[in-house]
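The structure appears below as structure tokens.
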Ligand SMILES: [Zn+2]
């Protein structure tokens, strides 16, 4: 008998992971392929249980979530408890939550931005090559003439209107590599009313 309440689900995901659900119980997500391989499944579950145990203890020792501390992260402008985000099993073993969190946030921004970029590029009838998310000192984003787009990871903390503006800006650079009127017309086409958002973003320090 395990000392924590849990559920095991089989999914199409490639990796196994453990997460704490909102009701405080653990969810073990196991790739389908383990289902009919009892021995491998038991080995995997043992490892997951070990991680789950630690997560569960940390979770129950945790002060109430209404306190603002390191366990909160700003995701798209909203506070979320970082350990309710699900982490990949392999990463969990490192027990280095900062890098886990960073990786997780990268994935969140990547997913959000990809959908936006695809919508915007379709609107303009252009294609892009690749999106990368990086930690950058001051740049919000960059766009190269070969179609690569880079976004600053720090954007993930901001409300989505800012992220949308930065993406509209970088996508417009796929057509114009300057900041003249033609360029801003394109930005306005992708993101009508961008101007106050742009001004507010200019005043922000990204961290
Ligand atoms: Zn620019």
Check: Using the beta-carbon distance between residue 195 and residue 99 and R0 = 45 Å, what value does 1/(1 + (r/R0)^6) give for FRET efficiency, to the nearest 0.05?
Finding: 0.75
Check: At what distance in nm do the modelled label points of residue 203 and residue 53 sit from each other, each positioned 7 Å from its Cα along Cα→Cβ?
Finding: 5.3
Next item on the list: Compute the distance in nm between two label points, each set 7 Å from the Cα along the Cα-to-Cβ direction, one at residue 118 and one at residue 4.
Entry: 3.4
Item checked: Sequence ranges 138-149, 160-171, ranked by mean other-Cβ count within 10 angstrom, highest first -> 160-171, 138-149
Next item on the list: Could you work out how far apart the two model spin labels at residue 79 and residue 148 are, taking each label as a point 7 Å from the Cα in the direction of the beta carbon, and quote it in nm?
Entry: 3.9
Notebook entry, point to check: Between residue 110 and residue 39, what length comes free when the chain is fully extended (0.36 nm per residue of separation minus the Cα-Cα distance, one decimal in nm)?
Noted result: 22.0 nm
Next item on the list: May I ask you to sort 50, 108, 129 by Cβ crowding, counting other Cβ atoms within 10 Å and putting the fewest first?
Entry: 129, 50, 108
Item checked: Share of alpha-carbon pairs per 5 Å distance bin for region 104-202, given as whole % -> 2, 14, 27, 28, 20, 8, 1, 0
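Bear in mind that the values in this text are calculations on the coordinates, not laboratory data. These numbers were taken from a predicted model, which means no experiment stands behind them. Note: ideal-geometry Cβ built from the backbone for every residue, glycine included; neighbour counts use all protein chains shown.
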